[in-house]
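*Asks:* I have a structure here, written as structure tokens, and I will follow up with some questions on it.
The values are calculated or read from the model by the stated rules, or taken from the named source; none is laboratory data. None of these values were measured; they are calculated from a predicted model. As a convention, Cβ positions derive from the backbone with ideal geometry for all residues, glycine included, and neighbour counts pool all protein chains shown. Please note that ligands, DNA and RNA were not included when accessible areas were found on the heavy atoms of the full protein model with its side chains. Shrake-Rupley method; radii C 1.70, N 1.55, O 1.52, S 1.80 Å.
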Amino acid sequence: MEFWKLFIVALMPIVKVLLMTVLGIFLALDRFDILSKETSRRNLNTIIFFVFSPALVCGSLAQTITSKSLHILWFMPLNVLLAFIVGIVLGLLLVKMIRVPHHLHGLVLGCCAAGNLGNLPLIIVPAVCKQKGSPFGDADICHKNALGYAALSMAIGSIYIWTIIYNIVGMYSSQISKEVKVDDSMITPNSTLEIVQENISKDRPHTNHVKQLEIECTTSIGRVKIPTKEKIMKHIKVLVEKINLKALLAPEPIGAVVGLIIGIVPIFRKLLIVNNAPLAVIQDSIVMVGDAGIPAMTLLVGANLINIKGLGEQFPIIVGIIVVRFIALPGIGIGIVKGAIHFGLIHPDPLYQFLLLLQFAVPPAVSMSTITQLFGVSEGECSVIMLATYSCAAFSLTLWSTFFMWLVL
């Protein structure tokens, strides 16, 4: 495929995202009064979270994933996990290097780690197959495989986003809310005691007094030797409390699990998916609802641009995220995928290898806008980052796609 044809193929999905973002901005203007109020944006976000996103994941997976394909695609979950881990590490380095404000730590880490593994691969990879002179062989077979690969990529990405990134953003947002409560002088006796204890712990000369007080308290009650099993259970309990297990039961991961079950289990597949299936109307309805998810999420990104504040202050953050997502991550991804190919861990399919490489080069996930809206933090900043990164992706994603094709063929 010629460079300019490939450029158009990779450019079109990005242009679609930018056009829908601009439409979201217009809908959020007071003159139109559709998404201008914060309550209306929150209501749309709630519908996306509970209805559109799980339907999109469930419908795509049920149609394209089978038990045979899972044996071939086993490396993809590990590849996405490595992309998330590398992104978080690079994000932490970025936070330290440019001294990102504390209230934006969760947003920066999320944008560096979570890539758009859903709608962009679903548009780009099948579109490459349809192009005349595609390097991936027969157009129909290529298109069918591309849909399966992209659907699984979207499902895996959604599970990691709502389990890892959701918890990271939630952790930093809870810290911000605690700081706001203290700043507003809403101090209860319990919070006063916590602040005093923190001040005492920071003051080194007084640490011995605190330890002595703890010893006296324990001796007054009587020392009880705690069995090792109870100690382990206490550590597990603390870990569970720190991790928000509700995120594991978020609608999108549940939709992914249901879609995998329908696609893998032959009985469900015969009832819902195959030609002339008796319950095919249910699957068709799920797909129709899910198709509204990507436009709704993108409109919300544009609507949140109304809350833009301090563009000059965010410029170093935007540049840092662009460097991480479009330069550092793709370079590291090439090393990971080529290493896996060398050791025979990846199915020798150029299209599959192309998608694995593409997962390291995509812009931040649109779901970041949904997550920040749910926690009520950094919505405007998130929309600015989305607009900037997707504008840069129009060029960077095209260049990387060209290079990845040359690499796998």
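*Asks:* How about the stretch 266-355: which helices (runs of 4 or more DSSP H) wholly inside it have at least 2 residues that are farther than 22 Å from H105 by Cβ and touching a residue at least 40 places away in the same chain (Cβ under 8 Å)? Can you show your working first?
*Replies:* Values: elements: 266-272, 280-290, 293-303, 311-323, 329-342.
Of the helices (runs of 4 or more DSSP H) lying wholly inside the stretch 266-355, those with at least 2 residues that are farther than 22 Å from H105 by Cβ and touching a residue at least 40 places away in the same chain (Cβ under 8 Å) span 266-272, 280-290, 293-303, 329-342.
*Asks:* Assess whether A62 counts as being crowded, with 17+ Cβ neighbours inside 10 Å, modelled with pLDDT of 80 or more, within 24 Å of I254 (Cβ to Cβ) and over 20 Å from the mean Cα position of the chain (by Cα).
*Replies:* Working: crowded, with 17+ Cβ neighbours inside 10 Å: yes; modelled with pLDDT of 80 or more: yes; within 24 Å of I254 (Cβ to Cβ): yes; over 20 Å from the mean Cα position of the chain (by Cα): yes.
Yes, satisfied.
*Asks:* Just to be sure I understand, how many residues within the stretch 137-156 are in a helix (DSSP H, G or I) and more than 17 Å from C58 (Cβ to Cβ)?
*Replies:* Initial filter on the stretch 137-156 (in a helix (DSSP H, G or I)): 139-156.
Narrowing the set further to residues that are more than 17 Å from C58 (Cβ to Cβ) leaves 139-146, 149.
Total meeting the criteria: 9.
*Asks:* I'd like the residue in the stretch 117-133 that is closer than 14 Å to S401 by Cβ and not aliphatic (A, V, I, L, M) and, out of all such residues, is modelled with the lowest pLDDT. So that I can check it myself, show each step before the final result.
*Replies:* Initial filter on the stretch 117-133 (closer than 14 Å to S401 by Cβ): 120-121, 123-129, 131.
With the extra rule that they be not aliphatic (A, V, I, L, M), the set shrinks to 121, 126, 129, 131.
Numbers: P121: 84, P126: 77, C129: 80, Q131: 69.
Result: Q131.
*Asks:* Cβ-Cβ under 6 Å, sequence separation 6+ or interchain: first residue in the stretch 151-172 and in contact (Cβ under 8 Å) with a residue 40 or more places away in the chain, partner among the charged types (D, E, K, R) and open to solvent by 10 Å² or more (accessible area, probe 1.4 Å). Which pairs?
*Replies:* Qualifying pairs under 6 Å: S158/E252; W162/E252.
*Asks:* Now a separate question. Considering every residue within the stretch 3-21, establish whether at least one is over 30 Å from L260 (Cα atoms) and among the small types (G, A, S).
*Replies:* Scanning the stretch 3-21, I find no residue that is over 30 Å from L260 (Cα atoms) and among the small types (G, A, S), so the answer is no.
*Asks:* A follow-up question, please. Would you call V100 in a helix (DSSP H, G or I), surrounded by 16 or more Cβ atoms within 10 Å (Cβ to Cβ) and among the hydrophobic types (A, V, I, L, M, F, W, C)?
*Replies:* No: the conditions fail for V100.
*Asks:* Which condition number does I123 fail, the rest of (1) out of contact with any His (no Cβ under 9 Å at 6 or more places or on another chain); (2) of a type in the set (V, I, T); (3) open to solvent by 30 Å² or more (accessible area, probe 1.4 Å); (4) more than 21 Å from V362 (Cα to Cα) being met?
*Replies:* For I123, the failing item is (4).
*Asks:* Is it the case that G376 is open to solvent by 30 Å² or more (accessible area, probe 1.4 Å), among the small types (G, A, S) and out of contact with any strand residue (DSSP E or B) (no Cβ under 7 Å at 6 or more places or on another chain)?
*Replies:* Answer is yes for this residue.
*Asks:* Separate question: Test M405 against the stated conditions and say whether it is surrounded by fewer than 24 Cβ atoms within 10 Å (Cβ to Cβ) and not polar (S, T, N, Q). Even if it seems obvious, please write down each step before you answer.
*Replies:* Details: surrounded by fewer than 24 Cβ atoms within 10 Å (Cβ to Cβ): yes; not polar (S, T, N, Q): yes.
Considered against the rule, which asks whether it is surrounded by fewer than 24 Cβ atoms within 10 Å (Cβ to Cβ) and not polar (S, T, N, Q), M405 comes out as yes.
*Asks:* Can you tell me which of L18, L35 is open to solvent by less than 20 Å² (accessible area, probe 1.4 Å) and either modelled with pLDDT of 80 or more or over 23 Å from I286 (Cα atoms) (or both)? Give the derivation first.
*Replies:* Working: L18 fails: open to solvent by less than 20 Å² (accessible area, probe 1.4 Å).
The unique qualifying residue is L35.
*Asks:* Within the stretch 129-151, take every residue that is aliphatic (A, V, I, L, M) and surrounded by fewer than 23 Cβ atoms within 10 Å (Cβ to Cβ) and give me the one that is farthest from Y352 (Cα to Cα). Steps first, answer last, please.
*Replies:* Narrowing the stretch 129-151 to residues aliphatic (A, V, I, L, M): 139, 141, 146-147, 150-151.
Those still in the list that are surrounded by fewer than 23 Cβ atoms within 10 Å (Cβ to Cβ) too: 139, 141, 147.
Working: A139: 15, I141: 13, L147: 11 Å.
Looking at residues that are aliphatic (A, V, I, L, M) and surrounded by fewer than 23 Cβ atoms within 10 Å (Cβ to Cβ), I get A139.
*Asks:* Residues that are under 29 Å from S69 (Cα atoms), touching a Pro at 6+ places or on another chain (Cβ under 7 Å) and touching a residue at least 60 places away in the same chain (Cβ under 8 Å): does the stretch 377-400 have at least one?
*Replies:* Initially, the stretch 377-400 is screened for residues under 29 Å from S69 (Cα atoms), giving 397-398, 400.
Of the ones still in play, those that are also touching a Pro at 6+ places or on another chain (Cβ under 7 Å) are 400.
Now drop any that are not touching a residue at least 60 places away in the same chain (Cβ under 8 Å), which leaves 400.
Taking every residue of the stretch 377-400 in turn, at least one turns out to be under 29 Å from S69 (Cα atoms), touching a Pro at 6+ places or on another chain (Cβ under 7 Å) and touching a residue at least 60 places away in the same chain (Cβ under 8 Å).
*Asks:* Now for a different question. Within the stretch 379-389, work out how many residues are at pLDDT below 85 and surrounded by fewer than 23 Cβ atoms within 10 Å (Cβ to Cβ).
*Replies:* 2
*Asks:* Turning to a different aspect of this structure: Report, by residue number, each residue of the stretch 35-75 that is basic (K, R), assigned to a helix (DSSP H, G or I) and closer than 22 Å to G380 by Cα. Spell out the reasoning first.
*Replies:* In the first step, residues of the stretch 35-75 are kept if they are basic (K, R); the result is 37, 41-42, 68.
Narrowing the set further to residues that are assigned to a helix (DSSP H, G or I) leaves 41-42, 68.
Listed by number, the residues that qualify are R41, R42.
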